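**Student:** Dropping the structure in here first, questions after.
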Amino acid sequence: MRAETFRAIDGLDLAPEHRALLQPGEAKQDSHGNVHHLPRFFYEIASWDEARDIRLTPHFTVAELMMVDCREADVLLREFPHYVPCAILLLARFLEDFRREVDGPVFVSANGGYRSPAHQIGEGKSVHAWATAADIYRIGDTFLDDAKSIERYGAIAASLSPAVFVRTFGSGLGQTDDHLHLDIGFVTLTPRGCGEAH
Ligand SMILES: [Zn+2]
């Protein structure tokens with residue numbers, strides 16, 4: 001299945017339970033004190049089968065970028081449909097470019113793609129809640145768990161575009177030592193046919 005068959009929905013039209021968890025369009029303050037508005041428009045994913053079936057790009061399915069564990073809110077973890085912010089298409093495109101540059105399979109960890117603002121990691125302060133970030137733990141046969149691999153692949157990711165940010169290696173605040181975090185910032189996407197009048 002191709003990404004063009006996605007159903008885009010306005011998060012403000014969701015039932016109260018989902019609106020409370022996904023907080024579409026709501027303002028969130030990040031750890032630097034900057035305020036960003038959470039994504040408002042989502043693609044609706046009917047099942048895990050569909051998630052594994054939908055290719056965002058030739059090498060990335062939506063399932064790979066929405067895998068979470070029990071730290072996600074129960075309703076969002078167990079019930080379908082699932083909702084993923086539309087900007088996930090842009091993330092996948094950058095990951096596809098990255099895969100081409102590194103010339104090997106790129107593995108995104110569980111909780112390492114889209115996490116809702118209700119997820120216990122980040123709680124909406126993290127760019128992962130925009131579906132514009134990926135935590136990569138392995139490339140080909142190389143596990144990204146030391147300075148050499150994280151810095152090497154981080155430099156390749158950062159060279160793709162000024163839009164790409166990678167966390168530096170280390171155990172300090174905002175650093176990583178067991179994966180490569182890359183993101184393209186707090187990007188939101190309004191699909192054709194969706195309005196922002198209200
Ligand atoms: Zn991350």
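The values are calculated or read from the model by the stated rules, or taken from the named source; none is laboratory data. Keep in mind that this is a model prediction, so the values were computed, not measured. Positions of Cβ are generated from backbone atoms using ideal geometry, with glycine treated the same way; all protein chains shown enter the neighbour counts.
**Student:** So Thr190 clears everything in (1) in contact with a helix residue (DSSP H, G or I) (Cβ under 8 Å, 6 or more places away or on another chain); (2) closer than 24 Å to Tyr43 by Cβ; (3) of a type in the set (S, T, N, Q); (4) away from the ligand (no atom under 15 Å from the Cβ) except one condition, right? Which one?
**Tutor:** Condition not satisfied by Thr190: (1).
**Student:** Could you name every one of the helices (runs of 4 or more DSSP H) located completely within the range 1-95 that has at least 1 residues being in contact with a Ser or Thr (Cβ under 9 Å, 6 or more places away or on another chain), within 22 Å of Cys194 (Cα to Cα) and modelled with pLDDT of 95 or more?
**Tutor:** In the range 1-95, the matching helices (runs of 4 or more DSSP H) lie at 16-22.
**Student:** Arg99 passes all but one of (1) within 30 Å of Val75 (Cα to Cα); (2) at pLDDT 95 or above; (3) not in a strand (DSSP E or B); which number fails?
**Tutor:** Just one mismatch for Arg99, condition (1).
**Student:** Continuing with this model, one more query. Only one of Ser159, Ser116, Ser109 is touching a residue at least 12 places away in the same chain (Cβ under 8 Å), more than 16 Å from the ligand (Cβ to nearest atom) and among the polar types (S, T, N, Q); which?
**Tutor:** Among Ser159, Ser116, Ser109, only Ser159 is touching a residue at least 12 places away in the same chain (Cβ under 8 Å), more than 16 Å from the ligand (Cβ to nearest atom) and among the polar types (S, T, N, Q).
**Student:** Let me ask another. Restricting attention to the range 56-67, does a residue exist that is under 18 Å from Ala110 (Cα atoms) and of a type in the set (Asp, Glu)?
**Tutor:** Yes; the residues of the range 56-67 include at least one that is under 18 Å from Ala110 (Cα atoms) and of a type in the set (Asp, Glu).
**Student:** Based on what the data block shows, is Ser149 in a helix (DSSP H, G or I) and at pLDDT 95 or above? I'd like the intermediate steps shown before the answer.
**Tutor:** Working: in a helix (DSSP H, G or I): yes; at pLDDT 95 or above: yes.
So Ser149 fits the description; yes.
**Student:** Among the residues of the range 122-141, how many are part of a loop (DSSP other than H, G, I, E, B), farther than 12 Å from His181 by Cα and more than 9 Å from the ligand (Cβ to nearest atom)? Please lay out each step first, then the result.
**Tutor:** Residues of the range 122-141 part of a loop (DSSP other than H, G, I, E, B): 122-126, 131-132, 140-141.
Checking which are farther than 12 Å from His181 by Cα leaves us with 122-125, 131, 140-141.
Those left that are additionally more than 9 Å from the ligand (Cβ to nearest atom): 123-125, 131, 140-141.
So the answer is 6.
**Student:** Look through the range 98-125, keep the residues that are among the basic types (Lys, Arg) and more than 29 Å from Gln23 (Cα to Cα), and return whichever of them is surrounded by the fewest Cβ atoms within 10 Å (Cβ to Cβ).
**Tutor:** The qualifying residue surrounded by the fewest Cβ atoms within 10 Å (Cβ to Cβ) is Arg100.
**Student:** On to the next question. Which is touching a Phe, Trp or Tyr at 6+ places or on another chain (Cβ under 8 Å), crowded, with 18+ Cβ neighbours inside 10 Å and more than 22 Å from Ala51 (Cα to Cα), of Leu144, Leu95?
**Tutor:** Only one candidate qualifies: Leu144.
**Student:** Against the condition within 16 Å of the ligand (Cβ to nearest atom), assigned to a loop (DSSP other than H, G, I, E, B) and surrounded by 19 or more Cβ atoms within 10 Å (Cβ to Cβ), how does Gly172 come out, does it pass?
**Tutor:** Here the answer is no, as Gly172 does not meet what is asked.
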